[in-house]
Each structure stands twice: as structure tokens, then as C-alpha cells.
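Peer 1: Take this structure first; my questions come after.
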């Protein structure tokens, strides 16, 4: 719990933040990081702006028939509510510390709000929608693999904290991508490391500077370069 | 001085809390049919639960994260949910077996039908889960469970040929009349009884309940590496008693009373009285642990407030799960299903489900992001990988053996 704050270092949003426990100022549990809110600006930069919580954030991420069916059930159970599909939102400014859990700087009572209208010139996105997107390289050639994580880095301009997406991790979607072996953050037991690292030997990193456009409807990332090898934490940020 | 008392208390409750209905029934069944020839499996299983519990206890102490936090974080929400469903099905089955076990033990002394006692037992378990504080609950039931030491005394009083028992244990000498498949089936069952998944859910969540930090790692290890093996020795004593008294008489164990029979032969009425107290305490303690295990795991997956370190009204969804699962367990037992059969199924399905939670914990125990300097050392990883192989193998073998042997007939 007393590990250094992850948010102030470069990190992988899925590996280090998604699905973590949210803990309020008084040590009470306040849900899981069910999804993350990304804000897309006019200049196409993507910032990580909030934690999203609740079934409307979690269930779409389950994917497949199970996710669709559960989401339908969730709607039916509150069919009169217009905001039934709206996930709850916890602003990133409420986050005090990111370690093995997410500690907030306020009590959990009346913590979660709905997203509301985005600031002019920005569009609200969800990390869960970016994950699994297909990638097209130069001349529209399809890259083997899909987006499995977003690498972010933080800055502190005049007091506030912002966390901006820097690159996408692209992988062929084999099992075990959340275990940390492919990002070299875990390397033992040696046998397990060998097997999972080998499964993920094609995993690469696509700099967002090389991304021309993210087509959120067709779920395609258009880039001018192929993904390169994954960079170590010290070379990022 | 206070610290030594605390360590001693922890070890004693670990011993008393180790044995549950699965250990009682499976060890007596195996002892009565195979003598001590499967004792090596108990040793293997006990070392396995030590390795597994030490890793998850360390993760809980250093990072504050319990088992199903890690399952969701490391496997993702989809695979994590399927994992939760499978693990909870097995833990719920064990919960049913434990409540049934308490009722069977009370039936022994009251001669009231077990089915009539079930609602009363289920209600009492729920009241304790709702009202009792964590440490007094764990300590009282763990200490009362020490009454099962009567099996070790009985074994000694029966005056066995220790050399012959040891020889059976060391050589894994299968009785000539038994098929290899049946022998293998009971090996899997015995392993599942020794290394039940709920023990680890409960142990790691209990670490968070008692607010362990890295400073408590020494106490935690003492509990695990002294308490669990001594608890395992009680399991072996139960098997040994059955091997000495029931096997020569050709008795096959299908009732709880038969488990206590060797104690009656060795120590008479007083011995039986102590054994029944042990049965009630061990199964009641395990009923509380499995009941909490169900609530802990579901709450951890969804991020709800869980645990008895907060007032019940601050963890309402968690307590709702405890209430509903207690009601459901009573409901299952009211169909008059035989708790012994439920127990037999629960230990085999435990073996089947073990790798689901074992693997993520092995990975996180190596992740410096969670554990800093407290990641696995070489020995922990050597044993960790060894048990990963053993668990995967037994998990794959469990269902085929269940079907082939028709539950060990």
C-alpha cells in the first residue's frame, strides 16, 4: 500500500489502473475501476480524465454474448431510467494515490456522479472501446494484432494533474497479457516467464504521434507506421 | 510476552481450524479402505496449502489485496467472472457440506434427524457471520477445534505397530483388492480435502481483516508453517485410526459416526464426547469460513465493501450475499441430500478448481509492483512451479476419475 505513486510515473493504463480497487479517504471500499474515461481534444490528444464505475462501465467490457445479455438485463431492471446506460464518474483530481489500489482524497458518500456534458471542443471516449481495436499501418495495410493497452504519462501544469496517452500497446491477443510478463514488469518464475513472453513475442508499441486517426465507430486505428518494439519505462514519459 | 502469546494463539487456531468436514470424511474413508498407503498425498497437500497460503498471505499483508482482487486484475473482468463463478460454486458446495457436517455431528448426540437441525445450524452460522467480531470468532472456533487432538491420543492408545504404518505411508502400498483408478480417485479427493481453495480465500481476506502489514509476515509464516502441518498431522491421525480399527473390520465410511468409531474403541465414552465437540467445532468453524469465503470473493470481484472490520451496515451488499448464501445452503440441505455425498463431491471439485486461483497468486507474488522487495525467493518459486504442475495435473484428472470410478465405488 505504501508503494510510490504510480500516477506520477509512466504506466500502462490497463496493467496498472484498470480493475483496481477504489478506496476512499477513510479506508472504505468504493468500487472497482470498471473503465476509464478518455477525453479526446481537437488536436487529437487523448487524456485520461476520470475513473468510470458501475455496471454500465463494467458490463460492455465483458464482451461477447455474456456482456450483451447482462447489459440488457441491467437495462430491463431499471427500464424507466434515461440514464441507465450512463456510467458513474470519479474525476482523476479525486485520486490521492495509485498503488495496488486507488486511494481517493475524499469520503465515498456521494462520490460518484454521472459524466454530464463534455467541455466544448472535446469528446468523451472510453478506454474499453479503444481496447480490441484493429490497427492499420501505412497504405491501410492491416497490422496483425489489436490494441490491448494504452501507455500514459503524467504532467503537472500549474497545480492540476493531467495524464496523457502516449502510445498504444498492440498484441496478437493471446492469453496472459494482463500478467505483466510481456511488459517485462514481472520475470519470475522463469518457466512461466519463458512461456508467456514467447506467446507475446510479437507485442509492439505504436506511438500516438504516428496515429493519424482513431475511427471509434469502425473500431480502427489508422497509423503511418508499424508498431515498434516495446520501450522500457525509463525511455518513456 | 504478548507477542509470543499472539503467535501461540495464531498457531493453535491454525491447527484447530485446519480440519474440516472434507478432511474428516475423506481421511477416514481412505484410512478404512487403503490404510496409510495414501498418507503421502496428505503430506503433499499440506505442503501445497502452506506454499499457496504463504504467497497469498504475503500479498495480502504487503499490498492489502485479497485473492479475488488479483483474479480480476490479472485475468481481466471476463475470465475473472468465469473464474469467480467456478470457484464460488465449489466454495458454496463446501459451505453446504460444512453446515450438513455440523448437523450430522449434532445428530450424533441428540438423535434428532440431521434435516431438522439444518435450519437451526444455518441460522446460527448466519447470526455469527452477521454479528460476531472477526478475531474472537476465529480464535474461539479454532481453539475448540483442537478437541480433535483426541484422534492423535486415540491412535497412540490403540498401540499400533508404528513401523508398519510408517512403511505403508512411505511405500504407498496399494491394497491388492483395489483398482488403480479408485486409488487415484481417492488420491485426488484427499489432495482436494487438504488443499481446499476456500482456505486461501479466507486466509488472505483474513489478513486484510486483521490489517496485516509487512511487519506481520513472521507471525503469518509461523501460523502457516507450524500450524498447518500440525493440522495436517491430525488428518493423518484420523486416517491412522480408521486404518487400525475400521479397515480390519471391513467397515466403509459413509456416516460421520463411523469417523469417530475408532475413538470409542480406544478411549470409550469420554473420547467420543471430546471427538463430537471437535466435529462440531471444526465443521462449524469451517462453515463460517466458507460462508465468509463466498461473500469475500463476490464482494472483491465487484469492489464492494467487505469484511467484518466495518459495521454490517457499511457493507450491506456483502452481508446480503452472506444471508442469501446461508439461506441457499439450508435450502439445498433441506432436500435431504446426504451431506457426506456433498462432502465427497466438494473435495473432488476443489481439486478441479484449485489452479484457477493458484496461478494468478503465483504471478502476483512475483510482481514487484505489488510486493516491492517481498517477491518470491528461489525456494518459493521452485515450490510454486512444482505445485503449479501438480495442481494442473490433478485438476485435469479429477473429472475423468470421478466418472470412471463412479465416485470411488
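The values are calculated or read from the model by the stated rules, or taken from the named source; none is laboratory data. Worth saying up front: this structure is predicted, and the values here are computed from it rather than measured. Methodologically, a virtual Cβ is constructed for each residue, glycine included, from the backbone with ideal geometry; neighbour enumeration extends over all protein chains shown.
Peer 1: Here are the criteria: (1) away from every other protein chain (no Cβ under 14 Å); (2) part of a loop (DSSP other than H, G, I, E, B). Tell me which single one residue B:292 does not satisfy.
Peer 2: Evaluating residue B:292 over (1) away from every other protein chain (no Cβ under 14 Å); (2) part of a loop (DSSP other than H, G, I, E, B) leaves (2) as the failure.
Peer 1: Is there a residue in region B:23-39 that is at the interface with chain A (Cβ under 10 Å from one of its Cβ atoms) and either crowded, with 22+ Cβ neighbours inside 10 Å or in contact with a helix residue (DSSP H, G or I) (Cβ under 8 Å, 6 or more places away or on another chain) (or both)?
Peer 2: no
Peer 1: Additional query: Listed residues B:96, B:127; which is under 23 Å from the mean Cα position of the chain (by Cα), part of a helix (DSSP H, G or I), away from chain A (no Cβ under 14 Å) and farther than 30 Å from residue B:253 by Cα?
Peer 2: Working: B:96 fails: farther than 30 Å from residue B:253 by Cα.
Exactly one of B:96, B:127 is under 23 Å from the mean Cα position of the chain (by Cα), part of a helix (DSSP H, G or I), away from chain A (no Cβ under 14 Å) and farther than 30 Å from residue B:253 by Cα, namely B:127.
Peer 1: So residue B:235 clears everything in (1) within 30 Å of residue B:124 (Cα to Cα); (2) surrounded by fewer than 23 Cβ atoms within 10 Å (Cβ to Cβ) except one condition, right? Which one?
Peer 2: Result: residue B:235 passes all but (2).
Peer 1: So if I check each of B:322, B:256, which one is over 30 Å from residue B:64 (Cβ atoms), touching a helix residue (DSSP H, G or I) at 6+ places or on another chain (Cβ under 6 Å), in contact (Cβ under 8 Å) with a residue 60 or more places away in the chain and surrounded by 23 or more Cβ atoms within 10 Å (Cβ to Cβ)? Break it down stepwise before answering.
Peer 2: Numbers: B:322 fails: over 30 Å from residue B:64 (Cβ atoms).
It is B:256.
Peer 1: Can we say residue B:386 is touching a residue at least 12 places away in the same chain (Cβ under 8 Å), within 14 Å of chain A (Cβ to nearest Cβ), surrounded by fewer than 24 Cβ atoms within 10 Å (Cβ to Cβ) and under 23 Å from the mean Cα position of the chain (by Cα)?
Peer 2: Numbers: touching a residue at least 12 places away in the same chain (Cβ under 8 Å): no; within 14 Å of chain A (Cβ to nearest Cβ): yes; surrounded by fewer than 24 Cβ atoms within 10 Å (Cβ to Cβ): yes; under 23 Å from the mean Cα position of the chain (by Cα): yes.
Answer is no for this residue.
Peer 1: Which is under 20 Å from the mean Cα position of the chain (by Cα), under 23 Å from residue B:24 (Cβ atoms) and in contact (Cβ under 8 Å) with a residue 24 or more places away in the chain, of B:349, B:359? Even if it seems obvious, please write down each step before you answer.
Peer 2: Values: B:359 fails: under 23 Å from residue B:24 (Cβ atoms).
Among B:349, B:359, only B:349 is under 20 Å from the mean Cα position of the chain (by Cα), under 23 Å from residue B:24 (Cβ atoms) and in contact (Cβ under 8 Å) with a residue 24 or more places away in the chain.
Peer 1: Also, quick follow-up: Condition (residue is within 14 Å of another protein chain (Cβ to nearest Cβ), touching a residue at least 24 places away in the same chain (Cβ under 8 Å) and either assigned to a strand (DSSP E or B) or farther than 30 Å from residue B:385 by Cα (or both)) applied to region A:170-191: is it met by at least one residue?
Peer 2: Yes, region A:170-191 contains a residue that is within 14 Å of another protein chain (Cβ to nearest Cβ), touching a residue at least 24 places away in the same chain (Cβ under 8 Å) and either assigned to a strand (DSSP E or B) or farther than 30 Å from residue B:385 by Cα (or both).
Peer 1: Another one. With respect to the numbered conditions (1) without any contact (Cβ under 8 Å) to a residue 60 or more places away in the chain; (2) within 12 Å of another protein chain (Cβ to nearest Cβ), which one is the sole condition not fulfilled by residue B:365?
Peer 2: (1)
Peer 1: Right, another one. So if I check each of A:209, A:165, A:218, A:225, which one is more than 14 Å from chain B (Cβ to nearest Cβ), closer than 17 Å to residue A:40 by Cβ, at pLDDT 90 or above and surrounded by 13 or more Cβ atoms within 10 Å (Cβ to Cβ)? Steps first, answer last, please.
Peer 2: On the way: A:209 fails: surrounded by 13 or more Cβ atoms within 10 Å (Cβ to Cβ); A:218 fails: surrounded by 13 or more Cβ atoms within 10 Å (Cβ to Cβ); A:225 fails: closer than 17 Å to residue A:40 by Cβ.
A:165 is the lone residue from the list that is more than 14 Å from chain B (Cβ to nearest Cβ), closer than 17 Å to residue A:40 by Cβ, at pLDDT 90 or above and surrounded by 13 or more Cβ atoms within 10 Å (Cβ to Cβ).
Peer 1: I need the full set of residues from region B:135-152 which are farther than 13 Å from residue B:277 by Cβ and surrounded by fewer than 19 Cβ atoms within 10 Å (Cβ to Cβ), in order please. Please lay out each step first, then the result.
Peer 2: First pass over region B:135-152, keeping only residues farther than 13 Å from residue B:277 by Cβ: B:135-139, B:142, B:152.
Correct list: B:135, B:136, B:137, B:139, B:152.
Peer 1: Out of region B:63-78, which residues are farther than 17 Å from residue B:292 by Cα and more than 8 Å from chain A (Cβ to nearest Cβ)?
Peer 2: At the first step, the residues of region B:63-78 found to be farther than 17 Å from residue B:292 by Cα are B:63-64, B:70-78.
Passing the criteria: B:70, B:71.
Peer 1: Within region A:34-53, restricting attention to residues that are within 11 Å of residue A:87 (Cα to Cα) and out of contact with any helix residue (DSSP H, G or I) (no Cβ under 6 Å at 6 or more places or on another chain), which residue is surrounded by the most Cβ atoms within 10 Å (Cβ to Cβ)?
Peer 2: That would be A:51.
Peer 1: Find the residue count for region A:170-180, including only residues that are modelled with pLDDT of 85 or more and within 17 Å of residue B:75 (Cα to Cα).
Peer 2: The qualifying residues number 3.
Peer 1: Name, by its number, the condition in (1) surrounded by fewer than 16 Cβ atoms within 10 Å (Cβ to Cβ); (2) in contact (Cβ under 8 Å) with a residue 12 or more places away in the chain; (3) closer than 16 Å to residue B:108 by Cα that does not hold for residue B:268.
Peer 2: It fails just one condition, (2).
Peer 1: Also: If I filter region A:128-139 for residues that are within 14 Å of chain B (Cβ to nearest Cβ), touching a residue at least 40 places away in the same chain (Cβ under 8 Å) and in contact with a helix residue (DSSP H, G or I) (Cβ under 9 Å, 6 or more places away or on another chain), do I get at least one hit?
Peer 2: yes
Peer 1: Please give the number of the condition residue A:197 fails out of (1) under 19 Å from the mean Cα position of the chain (by Cα); (2) within 14 Å of another protein chain (Cβ to nearest Cβ).
Peer 2: Checking residue A:197 against (1) under 19 Å from the mean Cα position of the chain (by Cα); (2) within 14 Å of another protein chain (Cβ to nearest Cβ), the one that fails is (1).
Peer 1: Related question: Every residue in region B:144-177 that is part of a helix (DSSP H, G or I) and farther than 18 Å from residue B:24 by Cβ, please. So that I can check it myself, show each step before the final result.
Peer 2: Keep residues of region B:144-177 that are part of a helix (DSSP H, G or I), which gives B:144-157, B:162-171.
Across region B:144-177, the qualifying residues are B:156, B:157, B:162, B:163, B:164, B:165, B:166, B:167, B:168, B:169, B:170, B:171.
Peer 1: Right, here's the next one. Looking at region A:1-31, which of the residues that are within 10 Å of chain B (Cβ to nearest Cβ) and at pLDDT below 90 is surrounded by the most Cβ atoms within 10 Å (Cβ to Cβ)?
Peer 2: A:6
Peer 1: If you check residue B:268 against the conditions, is it over 19 Å from the mean Cα position of the chain (by Cα) and either at pLDDT 95 or above or closer than 22 Å to residue B:150 by Cα (or both)?
Peer 2: Working: over 19 Å from the mean Cα position of the chain (by Cα): yes; either at pLDDT 95 or above or closer than 22 Å to residue B:150 by Cα (or both): yes.
Here the answer is yes, as residue B:268 does meet what is asked.
Peer 1: Which one is surrounded by the fewest Cβ atoms within 10 Å (Cβ to Cβ), of the residues in region B:373-382 that are facing another protein chain (nearest Cβ under 10 Å) and in a helix (DSSP H, G or I)? Even if it seems obvious, please write down each step before you answer.
Peer 2: Kept after step one, since they are facing another protein chain (nearest Cβ under 10 Å), are these residues of region B:373-382: B:375-378, B:380-382.
Right, trim to in a helix (DSSP H, G or I) and you get B:378, B:380-382.
On the way: B:378: 10, B:380: 19, B:381: 21, B:382: 13.
Per the stated criteria, the residue is B:378.
Peer 1: Within 12 Å of chain B (Cβ to nearest Cβ), surrounded by fewer than 23 Cβ atoms within 10 Å (Cβ to Cβ) and within 24 Å of residue A:85 (Cα to Cα): is that true of residue A:56 in this structure?
Peer 2: Values: within 12 Å of chain B (Cβ to nearest Cβ): no; surrounded by fewer than 23 Cβ atoms within 10 Å (Cβ to Cβ): yes; within 24 Å of residue A:85 (Cα to Cα): yes.
For residue A:56, the condition - within 12 Å of chain B (Cβ to nearest Cβ), surrounded by fewer than 23 Cβ atoms within 10 Å (Cβ to Cβ) and within 24 Å of residue A:85 (Cα to Cα) - is not met.
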